[in-house]
1. Specify the residue that is farthest from P50 (Cα to Cα); the eligible residues are those in segment 186-212 that are open to solvent by 50 Å² or more (accessible area, probe 1.4 Å) and part of a helix (DSSP H, G or I).
2. Among the residues of segment 173-185 satisfying the criterion of being in a helix (DSSP H, G or I) and either touching a Cys at 6+ places or on another chain (Cβ under 7 Å) or within 11 Å of K153 (Cα to Cα) (or both), which is most open to solvent (accessible area, probe 1.4 Å)?
3. Is it the case that segment 32-39 has a residue that's basic (K, R) and within 25 Å of P87 (Cα to Cα)?
4. Filter segment 16-39 down to the residues that are in contact with a His (Cβ under 8 Å, 6 or more places away or on another chain) and surrounded by 16 or more Cβ atoms within 10 Å (Cβ to Cβ), then identify the one that is nearest to V117 (Cα to Cα).
5. Would you tally the residues in segment 27-46 being of a type outside the set (A, V, I, L, M, F, W, C), assigned to a helix (DSSP H, G or I) and under 22 Å from K124 (Cβ atoms)?
6. What's the total number of residues in segment 1-26 that are over 16 Å from K124 (Cα atoms), modelled with pLDDT of 95 or more and of a type in the set (S, T, Y)?
7. Listed residues A81, A76; which is without any contact (Cβ under 8 Å) to a residue 12 or more places away in the chain, small (G, A, S) and surrounded by fewer than 19 Cβ atoms within 10 Å (Cβ to Cβ)?
8. Determine if segment 146-155 includes at least one residue that is open to solvent by less than 40 Å² (accessible area, probe 1.4 Å) and aliphatic (A, V, I, L, M).
Amino acid sequence: TRPVDAVTTGGIVATLVWDDAAVESIVMSEGFLEKLGQGGIHISMSTVSPETSRKLAAIHAQHGSVLIEAPIFGVAEAAVARQLLIPVAGPQNAQERVRPLLEAMGGQNIFDFGEVVGAATQVKLVGNFMIVSAVQTLREALSMVEKNGGDPKAVADMLTQTLFAAPIYKNYGRMIAEKKDAAFSQSRIPLKDVGIFKKTAEQVESPTPVSSLLYDLLSSGEE
């Protein structure tokens, strides 16, 4: 099956693939843009760089179609439970047209970040960077407790019900304390996304000491 086979002229097509190169290869594949054509909408749901989103949005515009950014926060179970969080950016009329589809895909809360493409992917990169940072912090903290003879579960329960009462700390704190975070530990997504965040920050000369350290830590785990 080719990407163009999923496209209808003037219709809506969504992509959710690994990285910048994968999204670009779909958009630039034979017949994709030509068949999508005038009035067509491409919903890009992948975690990519703002630079790539802007580049592909410009290419779409040359063919009369539109790119809407709609990266997702949430695992597969959240999609089934219709609890995904989705930041969106792109032309307003196109946003309104795709909103019912995003809701049908499991979008519980859809946040409008305006018409400038790049804004929604920034949110996704920042969010993932903060999630990975929180998980790394929890691992180090609860490991210290356990190796000092303490109860990591009790510590995680107390802190995530008080000072750190946020879903990320609660969910990952519990999983780490109960040694049930293997799926996150073995995933290649954190390294990829922190790498994109780091590169994007460097392009605008924003400080990157924390992301650089986190990227190095994740890279060492890949070896």
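The values are calculated or read from the model by the stated rules, or taken from the named source; none is laboratory data. All values reported here derive from a predicted model rather than from experimental measurement. Methodologically, a virtual Cβ is constructed for each residue, glycine included, from the backbone with ideal geometry; neighbour enumeration extends over all protein chains shown. The protein model used for the area step is the full one, side chains on, heavy atoms only, and it has no ligands, DNA or RNA in it. Shrake-Rupley method; radii C 1.70, N 1.55, O 1.52, S 1.80 Å.
1. Taking segment 186-212 as the starting set, the residues that turn out to be open to solvent by 50 Å² or more (accessible area, probe 1.4 Å) are 186, 188-189, 199, 202-207, 209-210.
Then keep just the ones that are part of a helix (DSSP H, G or I); that gives 186, 189, 199, 202-203, 209-210.
Values: Q186: 26, I189: 17, K199: 11, E202: 13, Q203: 11, P209: 21, V210: 20 Å.
The selected residue is Q186.
2. Pass one, segment 173-185, residues in a helix (DSSP H, G or I): 173-177, 182-185.
Restricting the remaining residues to those that are either touching a Cys at 6+ places or on another chain (Cβ under 7 Å) or within 11 Å of K153 (Cα to Cα) (or both) gives 173-177.
Details: G173: 0, R174: 108, M175: 48, I176: 18, A177: 18 Å².
The extreme case among them is R174.
3. Here is the first cut: in segment 32-39, the residues basic (K, R) are 35.
Of the ones still in play, those that are also within 25 Å of P87 (Cα to Cα) are none.
Within segment 32-39 (the criterion being basic (K, R) and within 25 Å of P87 (Cα to Cα)), the answer is no, since none of the residues qualifies.
4. Going through the qualifying residues, I end up with V27.
5. Of segment 27-46, the ones of a type outside the set (A, V, I, L, M, F, W, C) are 29-31, 34-35, 37-40, 42, 44, 46.
Remaining after also requiring assigned to a helix (DSSP H, G or I): 34-35.
This time we only want the ones that are under 22 Å from K124 (Cβ atoms), so: none.
Here the count works out to 0.
6. Residues in segment 1-26 being over 16 Å from K124 (Cα atoms), modelled with pLDDT of 95 or more and of a type in the set (S, T, Y): 3 in total.
7. Numbers: A81 fails: without any contact (Cβ under 8 Å) to a residue 12 or more places away in the chain.
Just one listed residue meets the conditions, A76.
8. Taking segment 146-155 as the starting set, the residues that turn out to be open to solvent by less than 40 Å² (accessible area, probe 1.4 Å) are 150, 152.
From what is left, the residues that are aliphatic (A, V, I, L, M) are none.
No, segment 146-155 has no match at all.
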